[in-house]
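The values are calculated or read from the model by the stated rules, or taken from the named source; none is laboratory data. Given the structure is predicted, the values throughout are model-derived calculations rather than measurements. Here the Cβ positions follow ideal geometry from the backbone for every residue, glycine too, while neighbour counts run over all protein chains shown. In case anyone asks, the SASA skips ligands and DNA or RNA and just uses the protein heavy atoms, side chains included. Shrake-Rupley method; radii C 1.70, N 1.55, O 1.52, S 1.80 Å.
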Amino acid sequence: MERLRQLIIFFFLFLTVLEHASSARILSIAAKPDRHDIAASARWLVSQNIWGVLSTLSIEHNGAPFGNVVSYSDGLPGKGNGIPYFYLTILDPTTRNALKDSRASFAVSESPIGTCKRDPMDPTCSKLTLTGKLLQLGEGSDEEKVAKKALFTKHPEMMDWPKGHEFSVFKLEIINIFLINWYGGAKSVTVDEYLRYKETKVASFL
């Protein structure tokens, strides 16, 4: 009887862990794009990651760069548009900085995705920095509704964050793209090429 009880407890613990694991990352890892397809590589990094480092200009430290780890989403799984959306509170310095000076950058790496086993600084471990303006979306606007759905789908715990903390949806209006996905320095991709990208090619490691 004791053995049966232990098995039942283990079974329910296993289901609980499985449930939390699935809700924590609902994304399926799509194949890494051909490294020669620069726009695809950039969009893949943004769609497959769920967090990155968002940097703003600090109003508390005389304009010094302030980097902050934040969760984000660029759309529903498999339907990303390449634009990072954030759910930020006025209690966070990042939000206050952006409301004073919207200039910002957002960096993501291939390393958290799990497809790169080398040091994150290795050129073959892709990394992307998007530079632009961090803008607050209008409350109740169509874009805010779409962004909230995208954020809450990938980060369901956000729905339970304290209402009194004045969370708002922000987006990064992209002005410049810095991508390294192989040797030879940063790759050239325009914002238009990045945003218009639709189809992913098969990965190439040659």
For LEU135 and TRP182, what does the FRET efficiency come to when R0 = 35 Å and r is the distance between their Cβ atoms, rounded to the nearest 0.05? 0.65
Suppose each label sits 7 Å from its Cα in the direction of the beta carbon; what would the ARG96-LEU76 distance come out to in nanometres? 3.8
Treat each spin label as a single point 7 Å out from the Cα along the C-beta direction, and report the ALA30 to LYS145 distance in nm. 2.5
Expressed as a whole percentage, what fraction of the accessible surface of segment 33-203 belongs to carbon and sulfur atoms when a 1.4 Å probe is rolled over the protein heavy atoms? 54
Chain lengthening between ARG103 and MET159 when straightened (0.36 nm per residue, less Cα-Cα): 17.4 nm
Gained length - PHE152 relative to GLU166, 0.36 nm times residue gap less alpha-carbon distance: 3.4 nm
Sequence order, segment 104-114: Karplus ³J(HN,Hα) from phi using 6.51 cos²θ - 1.76 cosθ + 1.60, θ = phi - 60°, Hz rounded, Gly and Pro as x, gives 7, 9, 9, 10, 10, 10, 6, 3, x, 5, x
Need the list of lysines near LYS117 for cross-linking: C-alpha distance under 24 angstrom, and skip anything on the same chain fewer than eight residues off. LYS32, LYS127, LYS187, LYS201
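Taking 0.36 nm per residue of separation and subtracting the Cα-Cα distance, what length does fully extending THR124 through LEU195 add? All intermediate terms of the calculation are to be shown ahead of the outcome.
Working: separation 71, 0.36 × 71 = 25.56 nm, distance 2.33 nm.
Fully extending the segment from THR124 to LEU195 adds 23.2 nm.
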What order, most packed first, do the peptides 121-131, 185-195, 59-69 have when packing is the mean number of other Cβ atoms within 10 Å of each residue? 121-131, 185-195, 59-69
Taking a cut-off of 23 Å between Cα atoms, list the lysines near LYS149, but don't count ones fewer than 8 places away on the same chain. LYS79, LYS133, LYS163, LYS171, LYS198
